[in-house]
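See below for the structure under consideration.
Only the coordinates and a few stated rules stand behind these numbers; no lab work does. Computed from a prediction, not measured in an experiment: that's the story for all the values here. Neighbour counts are summed over all protein chains in view; Cβ atoms, including those assigned to glycine, are modelled from backbone coordinates with ideal geometry.
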Amino acid sequence: MKLPDRAAGVILHPTSLPGPHGVGDLGPDAYRFVDWLAATGQSMWQWLPTTPIGPGDSPYQSVSAFAGSPLMVALEPLIERGWLSAPMAEAFDPDRVDFARVVPWRIARLREAFAGFSARVTAADRAAFTLWRKAQAYWLDDYALFMALETAHSGACWWDWAAPLRKRVPAAMDAAKKQHAAEIEFWSFVQWCFDTQAVAIRSYANERGIALMGDLPIFIAHHSADCWARPDLYFLDDADQPTVIAGVPPDGFTPDGQRWGNPLYRWDKMAAEDFAWWSLRLKRAMSHADLFRIDHFRGFAGYWEIPVTCPTARDGRWVPGPGLALFDAIERALGKVPVVAEDLGLITPDVEALRDSTGFPGMKIVQFAFGGDGTHEFLPHNYTTNCVAYTGTHDNDTARGWWDQAPEHERAFAGAYLVAGAADIHWAMIRAACNSVAKIAAYPLQDILGLGAPQRMNIPGTLGGNNWTWRFQWRAMTPEVSRVLGLITAASGRADESLIRYG
């Protein structure tokens, strides 16, 4: 689905949706949210990565760059198909995801559904499942076997498995596939359910004029099917440990920088294969979303390489990335891909040149606009059309939280520029983003609801705490909230005014 020339949308990860099963998913509340987006004149729903969560409950450290999160598989469709009995009510927190409780509970329900599927599957469903597995074999076979082996090894990392499995010796791989055939089929079933539901919600959204924006992390996790399947594509030693890792250098917010820990790509090896892995990854992403954001886009121009022996990110160095050659290869394989470049952080001329050469829109953040003067590039009057204007992202504080902790001179500048104060700073930032010339304006649901710092989604460089746990409740979506959002969207030319009731 193609977005209109002036679009508006909301950032909300599916896990933040309401629902009775401990975490938001692709079930009934996702459809209700699409209806709400359409009713308020929105034309885009932006998700965070839908891959399985990893350490710190983050989707940016996933066991697979291709798989969907089992937590997002809605149980209601499985009950309707007769594969799962309605689960007994659990007293989950409606406002926060308790991952320690929710993950094992949801996986247990999916295992029950798989048992029901195996016992009562129709010929048509079995044929559909088999056909889907064949179509997705390019990533699914390695992922499902990886998950089966991880389960058999009680969650141990792949480099601690027996050498024949760690090194993927053909005879050991064949034996493992036979030994763990049922477990492999279970993980494949979960992914089939995810895909079926993801395609269905995208179709429903598109029919109502809503495009889905996905999110593609630039790096993969060390403990992942991706790294295990192709260790030659990463800087690893003979023990399969990274020699250098990803992160970002020190800045005004993080004096030691950020040491992410992801293994770094052997771009020379990927280039020798015409970047086929990346083309397959984007092919997979495009099956679930109409466009997608690529995280840390500057890393394709140059990335911060940290020696694995360094406890912080201070002693890293800048290393050239693959540049335009990567995106030329992807375009040869897939055609023009609909990408938003996350071009935040330390942006140098080579990053700007790469972004402009691809034609991808970059990102502007209203929150970042008030640390200078009227020439600041993030002030809405300085935007160009080919960008996405955000009030903030999942990695920023909420608009209200930003106001509460901002330096006095920034609050004074923002108050004068936006003609706003603590009570309405969130609406003022949304209005500023929408009134700009940016082709897309977007804002976290937390900003629409005027929520404070405790409801932010993530604090970069930290693990645990309340990161990734926030959920909203429908009672917060009052008629007044919907009315004001609709008015701002229509008045800025980002919705059909005939669909919005003024007054």
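Being surrounded by fewer than 16 Cβ atoms within 10 Å (Cβ to Cβ) and either within 17 Å of A420 (Cβ to Cβ) or under 22 Å from the mean Cα position of the chain (by Cα) (or both): is that true of L326 here? So L326 does not fit the description; no. Does A181 count as over 25 Å from D496 (Cα atoms) and free of Cβ contacts under 8 Å to residues at least 40 places away in the same chain? The answer is yes for A181. Going residue by residue through the stretch 49-65, is there one that turns out to be in contact with a helix residue (DSSP H, G or I) (Cβ under 6 Å, 6 or more places away or on another chain), of a type in the set (F, W, Y) and touching a residue at least 24 places away in the same chain (Cβ under 8 Å)? No, the stretch 49-65 contains no residue that is in contact with a helix residue (DSSP H, G or I) (Cβ under 6 Å, 6 or more places away or on another chain), of a type in the set (F, W, Y) and touching a residue at least 24 places away in the same chain (Cβ under 8 Å). Scanning the stretch 413-429 for residues that are charged (D, E, K, R) and over 19 Å from V481 (Cα atoms) yields nothing. When restricted to residues that are of a type outside the set (F, W, Y), surrounded by fewer than 21 Cβ atoms within 10 Å (Cβ to Cβ) and more than 25 Å from I218 (Cβ to Cβ), the stretch 30-57 contains 4.
Residue by residue, here is whether (1) without any contact (Cβ under 8 Å) to a residue 24 or more places away in the chain; (2) in contact with an Asp or Glu (Cβ under 9 Å, 6 or more places away or on another chain); (3) among the hydroxyl-bearing types (S, T, Y); (4) under 19 Å from C227 (Cβ atoms) holds:
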{"residue": "F92", "(1), (2), (3), (4)": "no, yes, no, no"}
{"residue": "A108", "(1), (2), (3), (4)": "yes, no, no, no"}
{"residue": "F114", "(1), (2), (3), (4)": "no, yes, no, no"}
{"residue": "A148", "(1), (2), (3), (4)": "no, yes, no, yes"}
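I'd like to know if the stretch 212-221 contains one or more residues that are small (G, A, S) and in contact with a Ser or Thr (Cβ under 9 Å, 6 or more places away or on another chain). Before the answer, list the steps.
First, the residues of the stretch 212-221 that are small (G, A, S): 214, 221.
Keeping just the survivors that are in contact with a Ser or Thr (Cβ under 9 Å, 6 or more places away or on another chain) gives 214, 221.
Yes, there is a match, as at least one residue in the stretch 212-221 is small (G, A, S) and in contact with a Ser or Thr (Cβ under 9 Å, 6 or more places away or on another chain).
For the stretch 174-200, the set of residues classified as over 28 Å from the mean Cα position of the chain (by Cα) and either exposed (fewer than 15 other Cβ atoms within 10 Å of the Cβ) or of a type in the set (K, R) (or both) consists of D174, A175, K177, K178, Q179, A181, A182, listed by residue number.
Hey, any hits in the stretch 345-362 for a residue that's buried (at least 20 other Cβ atoms within 10 Å of the Cβ), of a type outside the set (S, T, N, Q), under 25 Å from the mean Cα position of the chain (by Cα) and closer than 24 Å to P407 by Cα? No, the stretch 345-362 has no match at all.
Would it be correct to say that P263 is within 17 Å of G345 (Cβ to Cβ) and either within 25 Å of the chain's Cα centre (by Cα) or without any contact (Cβ under 8 Å) to a residue 60 or more places away in the chain (or both)? It is false that P263 is within 17 Å of G345 (Cβ to Cβ) and either within 25 Å of the chain's Cα centre (by Cα) or without any contact (Cβ under 8 Å) to a residue 60 or more places away in the chain (or both). Selection of the stretch 339-382 for residues being part of a helix (DSSP H, G or I) and either of a type in the set (G, A, S) or out of contact with any helix residue (DSSP H, G or I) (no Cβ under 7 Å at 6 or more places or on another chain) (or both) yields P349, D350, E352, A353, D356, S357, F368, A369, H381, N382. Hey, does the stretch 222-235 have a residue that's more than 26 Å from D395 (Cα to Cα) and assigned to a strand (DSSP E or B)? Taking every residue of the stretch 222-235 in turn, at least one turns out to be more than 26 Å from D395 (Cα to Cα) and assigned to a strand (DSSP E or B).
When we screen I448, I430 for residues that are in contact with a helix residue (DSSP H, G or I) (Cβ under 9 Å, 6 or more places away or on another chain), more than 30 Å from S62 (Cβ to Cβ) and crowded, with 19+ Cβ neighbours inside 10 Å, the only hit is I430. Before we move on, is A221 crowded, with 22+ Cβ neighbours inside 10 Å and either out of contact with any helix residue (DSSP H, G or I) (no Cβ under 9 Å at 6 or more places or on another chain) or in contact (Cβ under 8 Å) with a residue 40 or more places away in the chain (or both)? In short, yes. Please work out if G214 is over 21 Å from W139 (Cβ atoms), of a type outside the set (A, V, I, L, M) and in a strand (DSSP E or B). Considered against the rule, which asks whether it is over 21 Å from W139 (Cβ atoms), of a type outside the set (A, V, I, L, M) and in a strand (DSSP E or B), G214 comes out as no. Scanning the stretch 266-277 for residues that are without any contact (Cβ under 8 Å) to a residue 40 or more places away in the chain, farther than 28 Å from R314 by Cα and touching a Leu at 6+ places or on another chain (Cβ under 9 Å) yields a single hit, E273. Residue-level check: of (1) at negative phi; (2) outside any loop (DSSP other than H, G, I, E, B), G56 misses just (1). One residue alone among G22, G82, G9 is surrounded by fewer than 17 Cβ atoms within 10 Å (Cβ to Cβ), small (G, A, S) and either out of contact with any strand residue (DSSP E or B) (no Cβ under 9 Å at 6 or more places or on another chain) or in contact (Cβ under 8 Å) with a residue 12 or more places away in the chain (or both), and that residue is G82. Name every residue in the stretch 148-195 that is touching a Cys at 6+ places or on another chain (Cβ under 8 Å) and under 17 Å from A137 (Cα atoms), in order of residue number. Correct list: empty. Considering the stretch 115-146, and only residues there that are aliphatic (A, V, I, L, M) and surrounded by 12 or more Cβ atoms within 10 Å (Cβ to Cβ), the residue that is nearest to the chain's Cα centre (by Cα) turns out to be L140. Within the stretch 369-389, at least one residue is buried (at least 21 other Cβ atoms within 10 Å of the Cβ), within 30 Å of G247 (Cα to Cα), touching a Leu at 6+ places or on another chain (Cβ under 6 Å) and not hydroxyl-bearing (S, T, Y).
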